[in-house]
Amino acid sequence: MALAPVLPGSALFVTALAQLTTDVVPARERVGYWGDLVQRSFGRLRSQTFGDECFRGEIRAHQLGAVRVARLEASRHRVERTPAACDSDPGDLKMVVQLRGYSVFEQDGRRAWLAPGAWSVYDTTQAYSVTSPEGVLLHVLLLPRARLLEGAPALRDLLVRPLSGTRGMGRVACETIARAFNTGAEELGETILRQVRLALLERAGLAPALRSRELLRERAAALIGDRLRDPGLDIDAIAGMLACSKRALHKAFEGEGTSLHHTLWRARLELARRQLEDPRHAARSITSILLGAGFSSAAHFSRTFREHYGKSPREWRRLGGRERPLA
């Protein structure tokens, strides 16, 4: 995957993969440069590197709709958000998934030790510190606070707590985050939001532990978001990639009043619709868009699009999506 260069002063999170690294400056300048990269990436943070002369750090990131996903790899370091820096509310919660090494998170009198396989969430509007006494590899996400906590204020009690990424919904969410970073599939942003919220609700006892069928459905939904543009993605392929039977997949979706086939084509149709409305895709032909959404037949795409939205793809593009779906 091509990396988008990031110039000083530019925004980090873009749709294409963005990369920031200390490798571009001499070793003697890396500590100061890392502090600048951290601030550009995650807001007003004070960075310390324990005086290491061979410090190295790298941040790669995607913007997936309302979700920002970054992969941070660095030598031992510490970051701190001071009370003086908490004078604005970006509206986000920050989530960290520990992949390598360990880190200590401190906020509001709480302390969470994260080892590989664990994750935690904390509030960007309050002072906090993160100490990584050895080299680490992390996934760092910015998630809309309102959507994550909506209707469940008790979830705040889970902030700055070590949570498991190796079982239940936490495992499914962490798998989806890794897939989203590796592919940059924008469709996975909404899936991540839903799955992280489900994981928190499950941990808080506000929702029953998800059964195997429900976990399988979430894994399938994430896979669809990841591979949506692949015209070869069908029920056989999904079953093979998830190492399960087609019967198990069908049963996983039965309780939702839909089918896996319907879920797949609806997701493809929604992707095509969004791209027809998006000015960034104005130069692309409708054929390019339908193929990029995983459709293989222009006639089938046009017929299905009109049945669902009441307009042809060409008419929908001309109207700029001002007409809403019929169902």
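The values are calculated or read from the model by the stated rules, or taken from the named source; none is laboratory data. None of these values were measured; they are calculated from a predicted model. Here Cβ is always computed from backbone atoms with ideal geometry, including for glycine, and neighbour counts include all displayed protein chains. Please note that ligands, DNA and RNA were not included when accessible areas were found on the heavy atoms of the full protein model with its side chains. Shrake-Rupley method; radii C 1.70, N 1.55, O 1.52, S 1.80 Å.
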Exercise. Inside the stretch 126-148, can you point out the residues that are open to solvent by 40 Å² or more (accessible area, probe 1.4 Å) and under 28 Å from G184 (Cβ atoms)?
Worked result: A146, R147
For this session: Look at A243 and say whether it is of a type in the set (A, V, I, L, M), under 30 Å from L216 (Cβ atoms), free of Cβ contacts under 8 Å to residues at least 60 places away in the same chain and part of a loop (DSSP other than H, G, I, E, B).
Result: yes
Exercise. In the stretch 246-278, which residues are without any contact (Cβ under 8 Å) to a residue 24 or more places away in the chain and farther than 20 Å from E186 by Cβ?
Worked result: K246, R247, H250, E254, G257, T258, S259, H262
Exercise. Among G257, G184, which is the only one that is on the phi > 0 side of the Ramachandran plot and either within 23 Å of the chain's Cα centre (by Cα) or aliphatic (A, V, I, L, M) (or both)?
Worked result: G184
Exercise. Counting just the residues of the stretch 265-301 that are open to solvent by 50 Å² or more (accessible area, probe 1.4 Å) and among the polar types (S, T, N, Q), which one comes out nearest to D230 (Cα to Cα)?
Worked result: S296
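Could you check how many residues of the stretch 99-111 are part of a strand (DSSP E or B) and either within 22 Å of the chain's Cα centre (by Cα) or aromatic (F, W, Y) (or both)?
4
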For this session: Check R179 against each of (1) open to solvent by less than 80 Å² (accessible area, probe 1.4 Å); (2) assigned to a loop (DSSP other than H, G, I, E, B); (3) under 26 Å from L269 (Cβ atoms) and name the one condition it does not meet.
Result: (2)
Seminar exercise, completed: All-but-one check, C86 against (1) open to solvent by less than 70 Å² (accessible area, probe 1.4 Å); (2) under 22 Å from T176 (Cβ atoms), failing number (2)
